[in-house]
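Here the structure comes first, spelled out in structure tokens, and everything after it is commentary.
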Amino acid sequence: MIEQAKWHVFYCASRAEKKAAALLEKAGYATFLPLNKTLRQWSDRKKWVEVPLFPGYIFVRCAHTQISVVSSVPGMVGPLRLAGKYGSLSEQEVENIKQIILSGNPLETESLNLVPGDPVLIDYGPLQGIKGTVVNLAGKQFLYVQIETLNQFIKIKIAAGALKKT
């Protein structure tokens, strides 16, 4: 029986995500490194740069038996483990992240252990169909789309009228 490849979650060395992804792709692996454009300021200039949406993480589609080979690529630290099992993302979670990035909304990630609020579904717009949890911060509505494997949240500012309680 041939083992099905999954999107496994790997830790990367600090600021080595792009280089590790390039090396893995050159070796024939499918990688997913979500990038976010952000304005960085230096003493003499400002510049828009693409930084990983989840710093220190890279997603690699590989079989369970290939995890040790992927971990040995320069820049890789090792696989994420949760409760003794390798962390992985479903195809739907990967597609949701891609859809969020393509929406063009300003993004931030936070590693928070939030108490879940009302579950919602985005009812219309470019993010239609994505489920998340609503949290009020500073009087503004934000939608947190939880990527459960990473215990990370993507914070998107979205109008409350676009949401539907599920």
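Taken together, the values in this text are just the output of simple stated rules run on the coordinates, not laboratory data. Please read these numbers as outputs of a predicted model, since none were measured by experiment. Quick reminder, even Gly has a Cβ in these numbers, built from the backbone with ideal geometry, and neighbours come from all protein chains shown.
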Task: For region 36-50, Karplus couplings with θ = phi - 60° (6.51, -1.76, 1.60), whole Hz, Gly/Pro x - done: 10, 7, 9, 8, 10, 10, 10, 5, 10, 6, 10, 8, 7, 10, 9
Task: Interchain or long-range residues, amide H under 5 Å from E108's placed H - done: K155
Task: Cross-link reach list, lysines versus K18, counting only Cα pairs under 28 Å and skipping chain neighbours closer than eight places - done: K6, K26, K37, K46, K47, K85, K98, K155, K157
Task: Residue-wise HN-Hα coupling along region 5-17, computed from phi with Karplus coefficients 6.51, -1.76, 1.60 (Hz; x: Gly, Pro) - done: 6, 10, 7, 8, 9, 10, 7, 10, 5, 4, 6, 10, 4
Task: Per principal axis, descending, Cα span of region 6-89 in whole Å - done: 48, 29, 17
Task: Other-chain or far-sequence residues with amide H under 5 Å of G87's (modelled H) - done: V9, L80, R81, L82
Open item on the list: Sorting check: for 54-65, 80-91, 14-25, which peptide has the highest mean count of neighbouring beta carbons within 10 Å, and how do the rest follow?
Closed with: 54-65, 14-25, 80-91
